[in-house]
Structures are given as C-alpha cells and as structure tokens.
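Beneath this line is the structure, given in structure tokens, with notes to follow.
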Amino acid sequence: WLYAKFIALDANFCLCRKNISSEQVDPGLSKGWSYFVEETSYKTFIEENKYDTQECSTCSGHNAVNMANSKKSHGLAMTSVGAVVCACHKLKLPSGTGDLQKGERYVNMDFLFFSSLCNCQLSTLIISYDIACQWSRNLWQQMIKFPSDFHLAHEQLSTVFLIPKFHLPAHISHCQVVYSFNFTPHVGCTDGEAPEHGWANINPAASSTKKMGPGTWQDTLNDYFGDWNWKCIMQLGQLTLQKLIEAMKASMEHDRELRELKACIEMPMITEWQREISKWECDNSKCNPYEICVANFSSTAITQASIQLELTRVEASELQARNDMSPHPEVSAGTLISSGLELEEQQRLLKADISSLSSHPTDNQLAKLQEHVNVLKRCINNWQSIQLLYIPSVAQLRDEDVQPGRPEKVKEMKLYLPSEICDHASCPIKLCEHKWKLCEAQAHEALHDLHHFLHLRTHLYKFKVTNVWGQVSNTHAQTTINRTTRFQWQQ
C-alpha cells in the first residue's frame, strides 16, 4: 500500500468552449506533450466509438451521464473538460485532460484514464470517481478497444474503485458501503475530492477562455494547470508537515477513544467483528460487515414508504385474484391504518403549535391555528366514518367515552387504532398486522432521524469550538445549534 497510486477522475462543465475557429486556423502548441491528450488520436478514437451505447446509471441520478445525449450543446464545440488528477497531492497528471463534446460519456473518460496511466509502473491503484459504481463495471472490457500501449495488466494489478466522500451520500445505500473511503483499508483520510480543488482554481478563467480558438484555449488551460501544479509542489513540504502534526494528534485521540469503546464491549464480540472485517477485506465477495442488516435478512432499511409499498403490492395481488374484501371501494385496510398514523402525527404537531404560542398571540397566529384545527377536524371525521366500515365496534367505544357538556378537543380526539382497542373490542387481525408493520417502520425512521441529528449536532459543536471566535460569531453559531435542536424535537 505504500507504493499505491491514488487517482481521481472528474469533469468540469464550467470550462466549455464556443464553436469558434478551427484546428487548422488556430493549432495548439503542446501536441499531447503537456496535460491535454494528443488531439488527433483522441478525436479519432472518439469518432470511431461515437455510436457506443451509453449505459444509463442504475444508482444515483447522474445527469451528466444519463442525459449525455440530451444536454444543451448548441453553439458549443465542447461542453466540458474531463481530467485525471493525483488524489493525494491534487496534481494534474500528464496526458490526463481532454475536452468532452457532449456530457460525461464513458468513452471520453476511458481514454483519459488509460492515457494518464500508460507509462506508469503500478502494483496497487486506488481510483476515485463520482460514478465509479457504474463506470467500473465494463472498464476492463472497454480496454480492448484501445491501442496496446494503453493496456494495463489489470490481472496482476490490485485495483480499488471508490466514490468521493462528498458525492457518496447521493448514491444508494449499497454503494455507500461498498465504495466508501471510510471502510477501505490503507487509504488514510483521503476524500477523493482532489479534482474539485483544481476546478475551483481554474473556474474564474472560464468566462475568458470560452471564446478562444481550440489551440489558444488548450494552451491557455495547459498554462493554468502547470501553474496549479507548481503551486501544489511548492506548498507540499508545509502541508505535509501540517498533516503529520494533525495525524499524530488525531492518532492519539482515536487510540484513546478506541480503548474506551473496547472497554464497553465484550471481547468475544470484538473478536467476531475483527474476523468478519478481515475476511471481507481479503475478499469483497464475502458478507460485508459494514452493511446494515435488518432482522438478519435484508440490507434494506425499513421505512414507512417501503411498508406502504409492500401493502399496496399485496392489495394489487388480491385485486388481480379477485380476493379483495375491502368494505370501502377506494380506501384499503393499509391506507386506513397509514392515514390514521398520519392523523396521529398531525395531532402531535397541533399540540406543539399550541404550546409554542406566546401568552399574547396575534390575531394572525390565532387564525392560522384555528384553520389548522378545522382542517384536522374534517380529516378526522372523514377518516372515522370509513373506520366504522372496517371496525364497527368502535362506535360503542366512542359512545362510552363521550362526556356530556364537554366539547371534545381536536388534539385529544381518540382515533381508536387497532393497538388501542384490541383489549376492549374485536378488530380484524389484518388491521392489527398492518398497524404493527407501519409502527415498526415508524420506529426505525425515528431512530435513523435521531442518529442523523446527533451526528449533525456533534459536528456543529466541534465546528463552533474549532473555528468560531468572538461574541457575534459565537452567538450566530449557538443560534444555529438551538434552531437545529428545536427543529429536531418538533419533528
């Protein structure tokens, strides 16, 4: 791992160029000897493979790929620039940059990738790309189309495909585990976002280079990239020392936290976890210990939406088999229970709104609150009329709970969901099962939201302690923390 090469791929859609001049009138001077690839071989290869089918992403909605053929390119000779950079030191690699004619097509990025590595001696290669989960699937099959000097001995090469940390949350949960830098050994604190630093440096020049001819445009960007690399090299010593000091301090803190964590966990469990992680690191086809498993059966998190989808599919199969016995033509049993849970949530929010009123509310506040009460009252009345079709015994319970002379408050109206009446009245077992599944999903969502909130609040506190000075800035930071906390508990 000490001699592993870390590279990152990305495209910048700010660096477009209008269809001005031509190669014959305005030729470039580098001819592939600098950061841009050799133009003739690049364009020839793209032309030969322009009809290759662009496989759409089955993971994140990456518009640069999925809409490559539909992106607006009228009047543009190129819509963006793709580049391969060193993921550790942010340096642009030689012959690793090229213009993209229409979106972030695989054929363009493949050429830049193999061109930047064709003269390298590699043993381990760490590749960071925001669509690595899709792009890596057919990469080695696509290599056959390239000239022999572009080929890599990938059978003897240890290759790891990862997704940059900032882009990772946009991917599906499976990719967030398999392609995470955090779960990959021997990558340190690499985030994979090195190209973004370079784009931030070059973006101010985008407006002035947009109307240049092809040769001038390419030579100008080569100069900018060379300047960027020179600055990175000049700062390398200072940054390395700074990172070393931070790493030594963080290492001691993490070591202390790890010892404290181990003290709270039984040793057999720690041994089992370490064994599972070692197996997975040696062979990624093994069970991934970082992937969350629900009830030891599925890696898919339980949500109310997923349970509702499951119930609607069951209902669809019943309708198909003509076994549907729902007493209401439009509201099924699953819809009745999910609507009841939504009404419960609305009652809780109404209580929160009432408690948040000041001792002297304005007429506007009272009007909005009364409107909320009226709407919720109508919704509950409509829902209760449908509930009687499924659970007729609820009518008797309502009559018993009526208190003459005392108007019923909307926020305290009983909905008599199956879990509330199972000890006092008969209720179809189907409704009880639906209620249990939806409540279980509701609990999982609540735990997930709480977990996310605790992470967010911890980050805000750490940021405030580390980066905020002065009374004004501290007040703003504390206000943000209080607002986040208040919003969480109102959910």
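The values are calculated or read from the model by the stated rules, or taken from the named source; none is laboratory data. Only a predicted model underlies this, so the values are computations on that prediction, with no experimental measurement involved. Heads up, the Cβs are rebuilt from the backbone with ideal geometry, glycines too, and the neighbour counts pull from every protein chain shown.
Tabulated values for the structure
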quantity	calculated
Selection within the stretch 148-163 - touching a helix residue (DSSP H, G or I) at 6+ places or on another chain (Cβ under 8 Å), in a loop (DSSP other than H, G, I, E, B) and over 19 Å from residue 284 (Cβ atoms)	151, 152
Members of the stretch 122-155 that are polar (S, T, N, Q), out of contact with any Ser or Thr (no Cβ under 8 Å at 6 or more places or on another chain) and surrounded by fewer than 16 Cβ atoms within 10 Å (Cβ to Cβ)	138, 141, 148
Cβ pairs under 8 Å, 6+ apart, first in the stretch 366-387 and without any contact (Cβ under 8 Å) to a residue 24 or more places away in the chain and among the aliphatic types (A, V, I, L, M), second surrounded by 12 or more Cβ atoms within 10 Å (Cβ to Cβ) and assigned to a helix (DSSP H, G or I)	369/353; 369/354
Breaking point among (1) part of a helix (DSSP H, G or I); (2) within 31 Å of the chain's Cα centre (by Cα); (3) aliphatic (A, V, I, L, M), for residue 302	(1)
Pair list, Cβ under 6 Å, 6 or more apart: the stretch 305-318 residue within 13 Å of residue 437 (Cβ to Cβ), other residue modelled with pLDDT of 85 or more	307/437; 307/438; 307/441; 308/338; 311/334
Matching residues in the stretch 340-395 - criterion: being within 39 Å of the chain's Cα centre (by Cα), small (Gly, Ala, Ser) and at pLDDT 85 or above	340
Residue count for the stretch 73-105, restricted to those that are assigned to a strand (DSSP E or B), out of contact with any helix residue (DSSP H, G or I) (no Cβ under 6 Å at 6 or more places or on another chain) and more than 27 Å from residue 3 (Cβ to Cβ)	6
Test: residue in the stretch 107-125 that is under 24 Å from the mean Cα position of the chain (by Cα) and part of a helix (DSSP H, G or I)	yes
Selection from the stretch 350-363 of residues that are of a type in the set (Val, Ile, Thr) and not in a loop (DSSP other than H, G, I, E, B)	354
Members of the stretch 304-339 that are among the acidic types (Asp, Glu), in contact with a helix residue (DSSP H, G or I) (Cβ under 7 Å, 6 or more places away or on another chain) and at pLDDT 85 or above	315
Filtered residue count, the stretch 250-283, keeping only those that are outside any helix (DSSP H, G or I) and among the aliphatic types (A, V, I, L, M)	1
Any hit, the stretch 78-86, residues being at pLDDT 75 or above, farther than 26 Å from residue 120 by Cβ, assigned by the TED database to the domain that holds residue 142 and surrounded by 15 or more Cβ atoms within 10 Å (Cβ to Cβ)	yes
Pairs where the first residue, in the stretch 180-194, is under 20 Å from residue 240 (Cα atoms) and the second is of a type in the set (D, E, K, R) and in a loop (DSSP other than H, G, I, E, B), C-beta under 8 Å, 6+ apart	191/165; 192/165; 193/165; 194/90
Test: residue in the stretch 259-274 that is touching a residue at least 24 places away in the same chain (Cβ under 8 Å) and either farther than 30 Å from residue 389 by Cβ or surrounded by 11 or more Cβ atoms within 10 Å (Cβ to Cβ) (or both)	no
All positions within the stretch 205-229 that are among the polar types (S, T, N, Q) and either in contact (Cβ under 8 Å) with a residue 40 or more places away in the chain or touching a Ser or Thr at 6+ places or on another chain (Cβ under 7 Å) (or both)	209, 216, 218, 220, 222, 229
Any hit, the stretch 215-231, residues being modelled with pLDDT of 90 or more, farther than 30 Å from residue 75 by Cβ, surrounded by 13 or more Cβ atoms within 10 Å (Cβ to Cβ) and of a type outside the set (Phe, Trp, Tyr)	yes
Residue in the stretch 140-154 that is in contact with a Phe, Trp or Tyr (Cβ under 8 Å, 6 or more places away or on another chain), in the same structural domain as residue 37 (by the TED database) and more than 26 Å from residue 50 (Cα to Cα) present	no
Those helices (runs of 4 or more DSSP H) lying entirely in the stretch 185-237 with at least 2 residues out of contact with any Leu (no Cβ under 8 Å at 6 or more places or on another chain), in the same structural domain as residue 11 (by the TED database) and among the aliphatic types (A, V, I, L, M)	194-202
Number of the exception - residue 278 against (1) small (Gly, Ala, Ser); (2) crowded, with 16+ Cβ neighbours inside 10 Å; (3) not assigned by the TED database to the domain that holds residue 427	(2)
Test for residue 289: is it over 24 Å from residue 448 (Cα atoms) and either modelled with pLDDT under 85 or not assigned by the TED database to the domain that holds residue 419 (or both)	no
Odd one out for residue 25 among (1) surrounded by fewer than 15 Cβ atoms within 10 Å (Cβ to Cβ); (2) over 16 Å from residue 92 (Cα atoms); (3) without any contact (Cβ under 8 Å) to a residue 60 or more places away in the chain	(3)
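Conditions tested, residue by residue: (1) of a type in the set (A, V, I, L, M); (2) more than 25 Å from the chain's Cα centre (by Cα); (3) closer than 30 Å to residue 341 by Cβ.
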{"residue": "443", "(1), (2), (3)": "yes, no, yes"}
{"residue": "452", "(1), (2), (3)": "no, no, yes"}
{"residue": "457", "(1), (2), (3)": "no, no, yes"}
{"residue": "460", "(1), (2), (3)": "yes, no, no"}
{"residue": "463", "(1), (2), (3)": "no, no, no"}
{"residue": "468", "(1), (2), (3)": "yes, yes, no"}
{"residue": "473", "(1), (2), (3)": "no, yes, no"}
{"residue": "481", "(1), (2), (3)": "yes, no, no"}
